[in-house]
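**Student:** Can you keep this structure in mind? I'll have questions shortly.
Quick note: the coordinates plus some simple rules give every number you see, no bench work behind them. Computed from a predicted structure; not experimentally measured. Neighbour counts are summed over all protein chains in view; Cβ atoms, including those assigned to glycine, are modelled from backbone coordinates with ideal geometry.
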Amino acid sequence: MRVVGIETSCDETGVAIYDSARGLLAHALHSQIALHAEYGGVVPELASRDHVRKVLPLLRQVMAQSGTRPDDVGGVAYTAGPGLVGALLVGVAVGRSLAWAWGVPAVAIHHMEGHLLAPMLEDNPPEFPFVALLVSGGHTQLVRVDGVGRYAILGESLDDAAGEAFDKTAKLLGLGYPGGPALAHLAQRGDSKRFHFPRPMTNRPGLDFSFSGLKTFAVNSLQTQGDDDQTRADIARAFQDAVVDTLAIKCRRALQQTGLVRLVVSGGVSANTALREHLGRIADEEGAQIFYPRLEFCTDNGAMIAYAGCRRIQAGQTEPLAFSATPRWPLDVLTPP
Ligand code: KG4
Ligand code: ZN
């Protein structure tokens, strides 16, 4: 069965076609970075309008690339939340309408389910059950995954998500949007010994996170130590070390607490090299195997939505003939298809 996947929850338009027998056939992505850069962050209304412009051309492109005609499509999946409501509504409206026009089932996908199933697109996919660390611009969660739709939240961020903390701290350091990759780049020439930032919530039990306080350490360091290039790099390094170390400590705890031996890491921040190195060491020490999506599927994309949709549509799930977006949508209310 061929399933079209559409992702428009934030600042990338992603469209892909996944085939249950042959795997991923085509995917295309349009990033809105250039559009939002001059504002220093995502402008929701501009995001929605750009999705409107891009979603159908990208769909035509992946259908042509994979030689898919409308008759070949067995279902349409689209991200229905969480995300920006106007942006979501573009993918939801287009996806549900296409499915109706083509006479095939439609399925509304949770964006974070897309992220946590993204490693399934790789050659050595993880088996269930596993622990997933989801680290994106909007979420930081540790999830116990027992199967598709069987998700238990082990811990999550009480304030800023890891990616959000990267973006805000990057802004303080005068780096452009999106800040995560820019901060990671700057941190490479930072001295790890100059500043030490705390590892929030690691000295008490539990698997929740709190990253918002790290901004204050960045501001204070900048104010007291002067504002030269090397200081900025040193702050970037201290910040990244603190986030990475905190995530790693909680991942180790989650593996120990669940007794599971597989760790999936996904979402935009999972592209971070320092995080990958550190988690690699932790996984080795815990005798666990670690799984990532390929780099381009760490951040938002249509392929993960097409995959999740295919699993759900094959199991018989289908949306009624109406559509709605769910900007706030907890992951653990999902059920197996
Ligand atoms: O998953 P994603 O593309 O979108 C959301 O669902 O939020 O994640 C985007 C987030 C942004 O906060 C971005 O700064 C962060 O991922 N990010 C990174 C890196 N690449 C992307 N953060 C740290 N290091 C990176 N290399
Ligand atoms: Zn995402």
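**Student:** Place +1 on the Cβ of every Lys and Arg and -1 on the Cβ of every Asp and Glu in segment 127-292, take the dipole about the Cα centre, and give the residue among GLY147, GLY176, GLN188 whose Cα lies farthest towards its positive end.
**Tutor:** The Cα lying farthest towards the positive end belongs to GLY147.
**Student:** Let me ask you something else. Taking the Cα centre of the chain as origin, sum charge times position over the Cβ atoms of Lys and Arg (+1) and Asp and Glu (-1), and report the length of that vector in debye to the nearest 20.
**Tutor:** The calculation lands at about 260 debye.
**Student:** Separate question: Find which of ALA248, PHE211, PRO198 sits farthest along the positive direction of the dipole of segment 192-263, computed with +1 on the beta-carbon of Lys and Arg, -1 on that of Asp and Glu, about the Cα centre.
**Tutor:** Among ALA248, PHE211, PRO198, the one farthest towards the positive end of the dipole of segment 192-263 is ALA248.
**Student:** Take the chain, drop everything but the C-alpha atoms, weight them equally and run the Debye formula without solvent; then report log10 I(q)/I(0) at 0.10, 0.12 Å⁻¹ to two decimals.
**Tutor:** -0.58, -0.82
**Student:** What helices does the chain hold that run 24 Å or longer along their axis, going by alpha-carbon atoms, with a Kyte-Doolittle average of 0.0 or more, using DSSP H for the helix calls?
**Tutor:** Those that clear 24 Å and a mean of 0.0 are 85-102.
**Student:** Further question: Please report the antiparallel percentage of the DSSP beta bridges confined to segment 127-292, to the nearest 5.
**Tutor:** Percent antiparallel among DSSP bridges in segment 127-292 is about 60.
**Student:** Cut-off under 25 Å on the C-alpha distance; same-chain residues fewer than 8 positions from LYS193 excluded. Which lysines are left, in chain and number order?
**Tutor:** LYS168, LYS171, LYS215, LYS250
**Student:** Along each of its three principal axes, how wide is the spread of alpha-carbon positions in segment 1-148, in whole angstrom units, largest first?
**Tutor:** Extents along the principal axes, in whole Å: 42, 39, 23.
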